[in-house]
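**Student:** I have a structure I would like to understand better, so I am pasting it below and will then ask my questions one at a time.
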2 protein chains.
Amino acid sequence: MTSEFDLIRRHFARPAAASGRARLGIGDDAALLRAPAGAELAVTTDTLLEGTHFLRGTHPGRLGHKALAVNLSDLAAMGAVPRYALLALTLPKADTRWLTAFSEGFFRLARRYGVELVGGDTTRGPLSITVTAIGEVPAGKALRRDGAQAGDDIWVTGTLGDAAMGLAALQGHIRLTGRARQHCVECLEMPQPRVVVGRALRGVASAAIDLSDGLLADLGHLCERSKLTAEVWLDCVPRPDEISACRTTAVARHMLLAGGDDYELAFTAPPRMRAKVERAGFGNGVMVTRVGTLKRGSARVRVYEGSTLVRMPRGGYDHFR
Amino acid sequence: MTSEFDLIRRHFARPAAASGRARLGIGDDAALLRAPAGAELAVTTDTLLEGTHFLRGTHPGRLGHKALAVNLSDLAAMGAVPRYALLALTLPKADTRWLTAFSEGFFRLARRYGVELVGGDTTRGPLSITVTAIGEVPAGKALRRDGAQAGDDIWVTGTLGDAAMGLAALQGHIRLTGRARQHCVECLEMPQPRVVVGRALRGVASAAIDLSDGLLADLGHLCERSKLTAEVWLDCVPRPDEISACRTTAVARHMLLAGGDDYELAFTAPPRMRAKVERAGFGNGVMVTRVGTLKRGSARVRVYEGSTLVRMPRGGYDHFR
């Protein structure tokens with residue numbers, strides 16, 4: 001058996017890159033960081049637990065990616081540039097192959113966005129990964145949930161429902177094969193955090209949130225914080241071609257609006273910003289789609305198909321329901 | 001059943017205190033923090049897992065305390081003043097009584113040190129608590145593990161072995177009753193992070209580490225980082241009266257040097273700092289004891305009883321051994 005300290009050192013205490021910004025990284029009681037003058041730090045933490053957030057047997061490289069990605073997605077939704085991460089890893093055993101693959105997935109994504117791993121903790125137990133991510137954003141420029149105004153457009157990045165369909169396919173609830181299956185499973189297991197778009201939306205979007213629990217639930221949080229009602233036009237919500245694999249309209253709607261695990265951004269912006277929103281998205285290779293508008297009213301989400309109000313079950317993934 | 005969001009809101013989204021420093025706390029994708037000019041942020045994360053770090057049935061109020069305390073202890077070892085915490089909580093069920101007690105324990109300690117809970121995540125699963133704590137320290141003034149010099153004294157705060165004896169008593173390995181048992185179990189379940197002493201040691205201590213795995217193992221880390229050898233005088237290591245409950249010398253030594261869960265500080269300082277060290281400790285109501293000295297040599301810990309070298313099994317608690 002390898003010792004805990006050897007294990008951590010070998011897989012995670014990589015030599016600080018030339019660009020290492022932390023004053024002190026792994027190997028002390030705490031990491032030491034500096035925030036540049038005029039910057040705020042955005043800090044977020046998210047857990048991935050086997051059986052709840054990912055299926056048993058998921059490739060460890062993809063887990064390493066996703067554990068970091070879901071946190072970078074939160075930073076993206078703030079318009080923050082990711083800088084640092086801490087990794088609290090609970091593992092049933094010290095399996096070198098598993099750790100090698102996991103850390104490769106983690107560090108590949110970390111390198112892409114210049115994220116430095118500055119601390120962590122390793123425990124023996126049921127597989128669970130908690131990442132804390134820290135980013136920087138110029139003071140006062142963060143995209144918050146509470147900045148939306150009545151009359152603002154509602155936008156989303158990418159397409160919705162892909163990851164939920166990937167999960168449904170893996171669980172045998174829907175039938176997907178070949179490249180369609182591969183695409184949806186990859187969306188589930190390798191979400192691409194919208195870091196570049198989030199940053200480009202500073203000064204353009206009025207509010208933003210990342211989509212982890214599905215558009216209905218997460219837009220609901222934004223509405224609640226901004227004290228507004230969202231009107232969403234179902235026909236406009238961008239969906240993958242694979243959605244046709246859903247046998248009923250109800251299933252397709254669920255995937256699209258409440259499936260979760262999208263890790264796209266939903267955001268709001270005044271209509272005069274439309275050209276800038278499109279530049280922030282398409283200019284960075286990411287589709288952005290206008291899916292609704294904000295109205296005065298009591299913090300809810302209404303979905304319309306044409307002019308008809310669609311009845312939706314309260315959506316979103318809730319761990320304690 | 002309560003919804004996840006209601007649950008979090010009710011127990012953890014307390015209104016920011018008048019002293020709330022965070023620009024944005026719970027309720028958005030990430031918290032927003034500012035570091036004061038000239039300050040560095042110290043960041044650390046630690047997991048407590050049921051069955052590994054605490055016994056099943058431990059009072060939730062004590063768990064709330066300890067989950068934060070072990071992280072504040074890391075900040076104390078850096079000489080950092082705690083400011084913020086994030087809480088990733090995995091719970092088998094949404095039990096209101098459990099959550100009420102847990103959050104009371106957590107917030108009681110948080111209030112004592114002015115710590116603001118600024119974010120978190122809640123998941124359903126085997127009981128596990130990961131806290132990330134963030135503190136502030138003037139730039140360049142943090143106590144690191146790598147600052148010790150040959151000739152420096154080695155000091156510890158408090159007494160060692162109390163918590164390990166508490167655990168051994170709960171597990172039936174040693175017999176402790178009445179107030180002795182109560183004292184040791186309280187040291188195990190309610191460790192008092194040495195925040196005030198850590199801060200007072202800035203500019204006095206040359207290096208510091210917090211004792212979570214036992215003096216031998218943790219001093220070993222300090223020696224490794226400082227590239228020195230520690231000579232520890234067994235007779236000087238401060239121990240509780242309760243140590244007499246250990247039936248053999250070997251057991252007593254294990255409790256004292258390798259039992260773990262002490263959450264005291266071990267630190268080093270040049271001999272000319274002795275008066276200042278004592279003021280930093282006793283002046284803040286915490287005993288400090290000189291237990292050894294640092295020598296040139298290859299990063300190890302040697303324990304002496306009188307002038308005799310004591311053979312010790314490699315100590316410390318290692319999750320993967």
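The values are calculated or read from the model by the stated rules, or taken from the named source; none is laboratory data. Please read all numbers here as calculations on a predicted model, not as lab measurements. Cβ: placed from backbone, ideal geometry, glycine included. Neighbour counts: every protein chain shown.
**Student:** Name every residue in the stretch A:138-177 that is surrounded by fewer than 24 Cβ atoms within 10 Å (Cβ to Cβ) and in a strand (DSSP E or B), in order of residue number.
**Tutor:** A:138, A:153
**Student:** If residue A:99 passes every condition in (1) over 28 Å from residue A:207 (Cβ atoms); (2) of a type in the set (A, V, I, L, M, F, W, C); (3) at pLDDT 95 or above but one, which one does it miss?
**Tutor:** For residue A:99, the exception is condition (3).
**Student:** Further question: When only residues in the stretch A:231-286 that are touching a strand residue (DSSP E or B) at 6+ places or on another chain (Cβ under 7 Å) and in a loop (DSSP other than H, G, I, E, B) count, which is farthest from residue A:155 (Cα to Cα)?
**Tutor:** Taking the candidates together, the pick is A:263.
**Student:** Out of all the residues in the stretch A:82-97, which are of a type in the set (Val, Ile, Thr) and surrounded by 22 or more Cβ atoms within 10 Å (Cβ to Cβ)? Reasoning before the result, please.
**Tutor:** The first filter runs over the stretch A:82-97 and keeps only residues of a type in the set (Val, Ile, Thr), leaving A:90, A:96.
Listed by number, the list holds a single entry, A:90.
**Student:** If you don't mind, another one. Can you run down the residue pairs with Cβ atoms below 6 Å, 6 or more apart or on separate chains, where the first is in the stretch B:56-79 and under 12 Å from residue B:186 (Cα atoms) and the partner is in a loop (DSSP other than H, G, I, E, B)?
**Tutor:** These pairs meet every condition: B:62/B:190; B:65/B:190.
**Student:** For the stretch A:29-44, which positions are at the interface with another protein chain (Cβ under 7 Å from one of its Cβ atoms), touching a residue at least 40 places away in the same chain (Cβ under 8 Å) and in a strand (DSSP E or B)?
**Tutor:** A:31, A:33, A:40, A:41, A:42, A:43, A:44
**Student:** Within the stretch A:79-120, track down each residue that is more than 23 Å from the chain's Cα centre (by Cα) and either more than 12 Å from every other protein chain (Cβ to nearest Cβ) or more than 24 Å from residue A:55 (Cβ to Cβ) (or both).
**Tutor:** A:97, A:98, A:100, listed by residue number.
**Student:** For residue A:205, indicate whether it is of a type in the set (Gly, Ala, Ser), assigned to a loop (DSSP other than H, G, I, E, B) and in contact with a Gly (Cβ under 8 Å, 6 or more places away or on another chain). Please lay out each step first, then the result.
**Tutor:** Working: of a type in the set (Gly, Ala, Ser): yes; assigned to a loop (DSSP other than H, G, I, E, B): yes; in contact with a Gly (Cβ under 8 Å, 6 or more places away or on another chain): yes.
Considered against the rule, which asks whether it is of a type in the set (Gly, Ala, Ser), assigned to a loop (DSSP other than H, G, I, E, B) and in contact with a Gly (Cβ under 8 Å, 6 or more places away or on another chain), residue A:205 comes out as yes.
Yes/no matrix, rows are residues, columns are (1) within 30 Å of residue A:35 (Cα to Cα); (2) in contact with a strand residue (DSSP E or B) (Cβ under 7 Å, 6 or more places away or on another chain); (3) within 14 Å of chain B (Cβ to nearest Cβ); (4) at pLDDT below 95:
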site: A:138; (1), (2), (3), (4): yes, yes, yes, no
site: A:154; (1), (2), (3), (4): no, yes, no, no
site: A:159; (1), (2), (3), (4): no, no, no, no
site: A:167; (1), (2), (3), (4): no, no, no, no
site: A:174; (1), (2), (3), (4): no, no, no, yes
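**Student:** Residue by residue through the stretch B:196-215, note down the ones that are surrounded by fewer than 24 Cβ atoms within 10 Å (Cβ to Cβ) and either small (Gly, Ala, Ser) or in contact with a strand residue (DSSP E or B) (Cβ under 8 Å, 6 or more places away or on another chain) (or both).
**Tutor:** Across the stretch B:196-215, the qualifying residues are B:199, B:200, B:202, B:203, B:204, B:206, B:212.
**Student:** If you check A:51, A:38, A:79, which single one turns out to be surrounded by fewer than 24 Cβ atoms within 10 Å (Cβ to Cβ), over 25 Å from residue B:81 (Cβ atoms) and among the small types (Gly, Ala, Ser)? So that I can check it myself, show each step before the final result.
**Tutor:** Working: A:38 fails: over 25 Å from residue B:81 (Cβ atoms); A:79 fails: surrounded by fewer than 24 Cβ atoms within 10 Å (Cβ to Cβ).
Within the list A:51, A:38, A:79, the selection yields A:51.
**Student:** Looking at the stretch A:240-251, is at least one residue within 23 Å of the chain's Cα centre (by Cα), buried (at least 20 other Cβ atoms within 10 Å of the Cβ) and among the acidic types (Asp, Glu)?
**Tutor:** Checking the stretch A:240-251: at least one residue is within 23 Å of the chain's Cα centre (by Cα), buried (at least 20 other Cβ atoms within 10 Å of the Cβ) and among the acidic types (Asp, Glu).
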